[in-house]
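*Asks:* My questions all concern the structure below.
The values are calculated or read from the model by the stated rules, or taken from the named source; none is laboratory data. Just so you know, these numbers come straight off a predicted model, no measurement behind them. With ideal geometry, Cβ positions are generated from the backbone for all residues, glycine too; neighbour counts draw on all protein chains shown. What goes into the accessible areas is simple: the full protein's heavy atoms, side chains included, and nothing from ligands, DNA or RNA. Shrake-Rupley method; radii C 1.70, N 1.55, O 1.52, S 1.80 Å.
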Amino acid sequence: MKKLLCAAGLGLALAVSAGVQAADKIAVVNVSSIFQQLPQRATVAKQLENEFKGRATELQSQERDLQTKMQKLQRDGSTMKASDRSRMEKDIMSQREAFSTKAQAFDQDNRRRQMEERNKLLSRIQDAVKKVADSEGYDVVIDANAVAYASNAKDITADVLKQVK
């Protein structure tokens, strides 16, 4: 995702640098700084934590149970009957596979939801950038991280942050 944003930013910067002579007003905005300062980020993080808390607790419990069984097998395996040891090994293997499947699904769901919420916040930032650019008459707004140097570009990060909050 970062590579895509960097590539898009670099492409935009190159396209803008070619057309800078025609642009009257240029501004820069530090989107990542705005994203880091958003109070909604903490709210969303807490919301996602609560959303996945039950599944995380269940996975932790399942992991502890699995570790306990593996320790018991390691500790008592040499004194167990072969059939009991074999049954316990099969049980541990099936439980490990089930745990792995649940953990992967949990990670995928968690990542997907985090991306959804992140994209919502970035969309709000983008809307705020458009509002500030329109209200102040900027022709071009570039992410500050994509610009090496801009002498006559105004930094509108603070204005956009106020708009988003």
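*Asks:* Label-point separation (nm) for R96 and Q36, each offset 7 Å from Cα along Cα-to-Cβ?
*Replies:* In this crude label model, R96 to Q36 measures out at 4.2 nm.
*Asks:* So between K69 and A56, what do we pick up on full extension, going 0.36 nm a residue minus the alpha carbon distance?
*Replies:* Numbers: separation 13, 0.36 × 13 = 4.68 nm, distance 2.00 nm.
Fully extending the segment from K69 to A56 adds 2.7 nm.
*Asks:* Give, rounded to the nearest 20 debye, the magnitude of the charge dipole that the chain has about its Cα centre when Lys and Arg contribute +1 at Cβ and Asp and Glu contribute -1 at Cβ.
*Replies:* Dipole about the Cα centre, nearest 20: 660 debye.
*Asks:* Have a look at M80, M70, M115 and tell me which one the Gaussian network model of the chain (Cα, springs below 10 Å) gives the largest fluctuation.
*Replies:* M80
*Asks:* OK, next. Using amide H atoms built 1.01 Å from N in the peptide plane, name the residues 5+ places from I142, or on other chains, whose amide H lies under 5 Å from its own.
*Replies:* A27, V28, V29
*Asks:* If I build a Gaussian network model for the chain, linking alpha-carbon pairs within less than 10 angstrom, which residue out of S32, S123, S83 has the largest mean-square fluctuation?
*Replies:* S83
*Asks:* Got a number for carbon plus sulfur as a percent of region 70-156's accessible area, 1.4 Å probe?
*Replies:* 47 percent
*Asks:* Tell me which of V141, M93, Q126 sits at the most positive position along the dipole axis of the chain, charges placed on C-beta atoms (Lys, Arg +1; Asp, Glu -1).
*Replies:* Most positive-ward Cα: M93.
*Asks:* Quick one: plug the Kirkwood hydrodynamic radius of the chain (C-alpha pairs) into Stokes-Einstein at 37 °C, 0.692 mPa s, and report D in µm²/s.
*Replies:* Value of D from the Cα-based Kirkwood radius: 163 µm²/s.
*Asks:* Oh, and also: Relative contact order (percent) for the chain, with alpha-carbon contacts under 8 angstrom and 6 or more residues of separation?
*Replies:* Normalised by residue count, the contact order of the chain is 54 percent.
*Asks:* Of the cross-linked pairs K25/K162; K120/K154; K53/K131; K53/K130; K72/K102; K53/K162, which ones have a Cα-Cα span greater than 28 Å in the structure shown? Spell out each step's value before the answer.
*Replies:* Values: K25/K162 21 Å; K120/K154 26 Å; K53/K131 37 Å; K53/K130 37 Å; K72/K102 23 Å; K53/K162 32 Å.
From the list (K25/K162; K120/K154; K53/K131; K53/K130; K72/K102; K53/K162), the Cα-Cα distance tops 28 Å for K53/K131; K53/K130; K53/K162.
*Asks:* Here's a follow-up. Label region 122-165 by shape, choosing from rounded, prolate and oblate, from the square roots a ≥ b ≥ c of the eigenvalues of the Cα gyration tensor; if a/c is under 1.5 it is rounded, and otherwise prolate applies when a/b is larger than b/c, oblate when it is not.
*Replies:* It is prolate, given that a/c is not under 1.5 and a/b is the larger ratio.
*Asks:* Compute the FRET efficiency between D24 and A45 as 1/(1 + (r/R0)^6), taking r as their Cβ-Cβ distance and R0 = 45 Å, and round to the nearest 0.05.
*Replies:* 0.65
*Asks:* Quick one: Karplus J couplings for region 124-135, per residue in order, coefficients 6.51, -1.76, 1.60, θ = phi - 60°, nearest Hz, x for Gly and Pro?
*Replies:* 4, 5, 4, 4, 5, 4, 4, 4, 5, 4, 5, 5
*Asks:* Once the piece of chain linking D107 and R85 is laid out straight, how much longer is it, given 0.36 nm per residue of separation minus the C-alpha distance between them?
*Replies:* Extra length from D107 to R85 when fully extended: 4.7 nm.
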